[in-house]
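**Student:** Here it is: the structure, laid out below.
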Amino acid sequence: MSDSSQNKPDLDDNTNVLVNASAVKRENNVLKDGSEPISLWVMLGSALIVLVAGGALFNSNLFNYDELTAASYTRQAQPSDGSGGVVPIPAHKAYDKVGAKLAKASCLACHGSNGEGAGAVPPLAGSEWVNGPSMRTAMIILNGLDGPIEVAGKSYSGNMPSQGSGLGAKELAGILNFVRGNFGNEASFITMEMAQTAIDSSKERNGGQMTVSELNSNYNVDIEGAEFDPNTLVDPISLEPVEADEISPH
């Protein structure tokens, strides 16, 4: 068997080896870390994209509202009194809007979207605890309820946690008016001042859930406060009454 090394040419110190000049040139063009110069075509392509995007952004007709919406579609005008302010609305609508949002996130999840109750949870509709003395209703919302309760002739023994965390006078008044003015209920209107009175009374307790016995013994009354016409115009944000001279003529 022949030795392959015998077929290789003998090289000594006097032997000149020719190096491929093209290969050397290519290697010299490769930078350190394997990076290469950015292609001119890449730079030209990027510039073209920037020019097109800029033209689209500043072309007022490209995103024209009238061109991109159906002919029958119109934007809803923001309520305004003509001077840039918000249009006052009747108090019962303003309070109801605040209460509906809060009730859907808490009360109706258990009492049902129609307020008819479900299983161990009593109804809001037609409930004497909702339509009756307003202080009882407020205290149940603020503190929760523990123990048996009879609603519309039926006994319930569920446990209701407090819903008072984070409720201010505006929020409590909203919830009270929502549950007492919907689902067929027609109870008296509760103002923010009345709601604050209920909050203050709740703070005077030692905390903990209410019982039917405590509710009937200590809170079987309406919340004190001046009578208020639910049709009074109020600011829909603050719920504060708006005087007639503050309303700009249309």
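The numbers here are math on the coordinates, done by the rules we state, and not lab data. Bear in mind the structure is a predicted one, so any value in this text is a computation, not a measurement. Don't worry about glycine lacking a Cβ; one is built from the backbone with ideal geometry, like all the others, and counts go over all protein chains shown.
**Student:** Quick one: what pairs do we get from region 128-139, first residue touching a residue at least 60 places away in the same chain (Cβ under 8 Å) and polar (S, T, N, Q), second surrounded by fewer than 23 Cβ atoms within 10 Å (Cβ to Cβ) and not in a loop (DSSP other than H, G, I, E, B), C-beta under 9 Å, 6+ apart or different chains?
**Tutor:** Listed pairs, sorted by first residue: 134/180.
**Student:** Would you say residue 195 is assigned to a helix (DSSP H, G or I), of a type outside the set (Asp, Glu), within 21 Å of residue 104 (Cβ to Cβ) and in contact with a helix residue (DSSP H, G or I) (Cβ under 6 Å, 6 or more places away or on another chain)?
**Tutor:** When the stated conditions are applied, residue 195 passes them.
**Student:** Taking the condition on the phi > 0 side of the Ramachandran plot and among the hydrophobic types (A, V, I, L, M, F, W, C), does residue 178 pass?
**Tutor:** It is false that residue 178 is on the phi > 0 side of the Ramachandran plot and among the hydrophobic types (A, V, I, L, M, F, W, C).
**Student:** Can I ask one more? Could you count how many residues in region 151-162 are farther than 16 Å from residue 105 by Cα and either in contact (Cβ under 8 Å) with a residue 60 or more places away in the chain or among the hydrophobic types (A, V, I, L, M, F, W, C) (or both)?
**Tutor:** Matching residues across region 151-162 total 2.
**Student:** Let me ask something else about it. Which residue, of 165, 188, is free of Cβ contacts under 8 Å to residues at least 40 places away in the same chain, outside any helix (DSSP H, G or I), surrounded by fewer than 20 Cβ atoms within 10 Å (Cβ to Cβ) and of a type in the set (S, T, N, Q)?
**Tutor:** Exactly one residue qualifies, and that residue is 165.
**Student:** Could you look through region 103-158, keep only residues that are under 14 Å from residue 178 (Cβ atoms) and in contact with a Gly (Cβ under 6 Å, 6 or more places away or on another chain), and pick out the one that is surrounded by the fewest Cβ atoms within 10 Å (Cβ to Cβ)?
**Tutor:** My answer is 125.
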